[in-house]
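Have a look at the structure below before the remarks.
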Amino acid sequence: MQETAIVTGGAQGIGFAVAEALVAKGTRVAIWDRDIEMAENSAKELGGNSFACAVDVSDWASVEAAMEKTLSIAGSVAILVNSAGVAGSNAPLADYSVEEFKMITEINLLGTFHVNKAVVPTMTEANYGRIVNIASVAGKEGNPNASAYSASKAGVIGLTKSLGKELAHLNIAVNCVTPAAARTRIFDQMQQEHIDYMLSKIPRGRFLELNEAGAMISWLCSSENSFTTGAVFDLSGGRATY
């Protein structure tokens, strides 16, 4: 039976790279994305019976509707990769927009809660599941002038550890990865000074390649990952080693 994976933010960037890696292993992918046109085009490009769902992860009702649609098509969901997220603008905390801080937290952290909450019942019923939440090295170390993003990604790490322990008695693995920056459209939200800062902190001297993220995350989604849960996997090129 073909497994189905939900990949939020799967229309582009790290999400799409993960979707490609999963399809190559025979998995059907449900791309959950706010940009339904891009998601449909990406699902068509992926093949493998993949399909798209329009969803705003910050809105619980929208996530519920997407989950209902996904289950009506696929019957079950074995894998969740939560890649939807935003970086936001760069500014000192004292000058940061209250509304933008709230928006970033609602997408990055509350959105992670929503999609994890949506898939846990069906995984629990099946006594099988693999969840990977995309955090960030900023959630470990904190980037200056990025307090909202750093705080929201630190929250994703904490949520992952908590849920991993809750489900450890089942064959459900809940892990997260902490990537350094990769050249995706998220750079469009950042100042060049901040991009240069992030690069300067990576000992490998380059940004993360999308296929590198896809390779690690697709393994975390596999049945081979049968023991590790509630863990944080580094993808920072040596920047953070804990």
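The values are calculated or read from the model by the stated rules, or taken from the named source; none is laboratory data. Just so it is clear, the structure is predicted and the values come from calculations on it, not from any experiment. Neighbour counts are summed over all protein chains in view; Cβ atoms, including those assigned to glycine, are modelled from backbone coordinates with ideal geometry. Note: accessible area is taken over every heavy atom of the protein model, side chains too, but ligands, DNA and RNA are not part of it. Shrake-Rupley method; radii C 1.70, N 1.55, O 1.52, S 1.80 Å.
Before moving on, here are some points about what is shown:
- Within the stretch 1-39, being of a type in the set (Lys, Arg) and either at pLDDT below 95 or over 23 Å from Ala87 (Cα atoms) (or both) holds for Lys25, Arg28.
- Glu166 out of contact with any helix residue (DSSP H, G or I) (no Cβ under 7 Å at 6 or more places or on another chain) and either within 30 Å of Asn90 (Cα to Cα) or of a type in the set (Lys, Arg) (or both): no
- Here is the figure for the stretch 1-16: residues that are part of a loop (DSSP other than H, G, I, E, B) and open to solvent by less than 30 Å² (accessible area, probe 1.4 Å) total 3.
- Every pair of residues 6+ apart whose Cβ atoms lie under 8 Å, when the first sits in the stretch 105-126 and is over 16 Å from Cys176 (Cα atoms) and free of Cβ contacts under 8 Å to residues at least 12 places away in the same chain while the second is among the hydrophobic types (A, V, I, L, M, F, W, C) and not in a helix (DSSP H, G or I): none
Listed here are the residues, each with its yes/no results for (1) out of contact with any helix residue (DSSP H, G or I) (no Cβ under 6 Å at 6 or more places or on another chain); (2) assigned to a loop (DSSP other than H, G, I, E, B); (3) of a type in the set (Ser, Thr, Tyr).
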| site | (1), (2), (3) |
| --- | --- |
| Gly88 | no, yes, no |
| Glu99 | yes, no, no |
| Lys102 | yes, no, no |
| Gly111 | yes, no, no |
| His114 | no, no, no |
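- Residue satisfying all of: in the stretch 164-177; surrounded by fewer than 24 Cβ atoms within 10 Å (Cβ to Cβ) and not small (Gly, Ala, Ser); farthest from the chain's Cα centre (by Cα) among these: His169
- Hits in the stretch 78-123 (condition: under 19 Å from Gly15 (Cβ atoms) and among the hydroxyl-bearing types (Ser, Thr, Tyr)): Ser83, Thr112
- Test for Thr178: is it of a type in the set (Val, Ile, Thr) and assigned to a strand (DSSP E or B): yes
- Annotation: of all residues in the stretch 101-122 being aliphatic (A, V, I, L, M) and open to solvent by 10 Å² or more (accessible area, probe 1.4 Å), the one that is nearest to Leu163 (Cα to Cα) is Val120.
- One residue stands out among those in the stretch 131-154 that are open to solvent by less than 20 Å² (accessible area, probe 1.4 Å) and over 17 Å from Leu235 (Cβ atoms): the one that is nearest to the chain's Cα centre (by Cα), which is Ser152.
- Residue within the stretch 164-181 that is at pLDDT below 95 and of a type in the set (A, V, I, L, M, F, W, C) present: yes
- Of the residues making up the stretch 17-34, those that are in a helix (DSSP H, G or I) and either of a type in the set (Gly, Ala, Ser) or buried (at least 24 other Cβ atoms within 10 Å of the Cβ) (or both) number 6.
- Any hit, the stretch 45-57, residues being within 15 Å of Leu80 (Cα to Cα), among the polar types (S, T, N, Q) and assigned to a loop (DSSP other than H, G, I, E, B): yes
- Residue within the stretch 187-200 that is touching a strand residue (DSSP E or B) at 6+ places or on another chain (Cβ under 7 Å) and either closer than 30 Å to Ala94 by Cα or at pLDDT below 95 (or both) present: no
- The residues of the stretch 190-205 that are part of a helix (DSSP H, G or I) and surrounded by fewer than 16 Cβ atoms within 10 Å (Cβ to Cβ), listed by number, are Gln192, Glu193, Ile195, Asp196, Leu199, Ser200.
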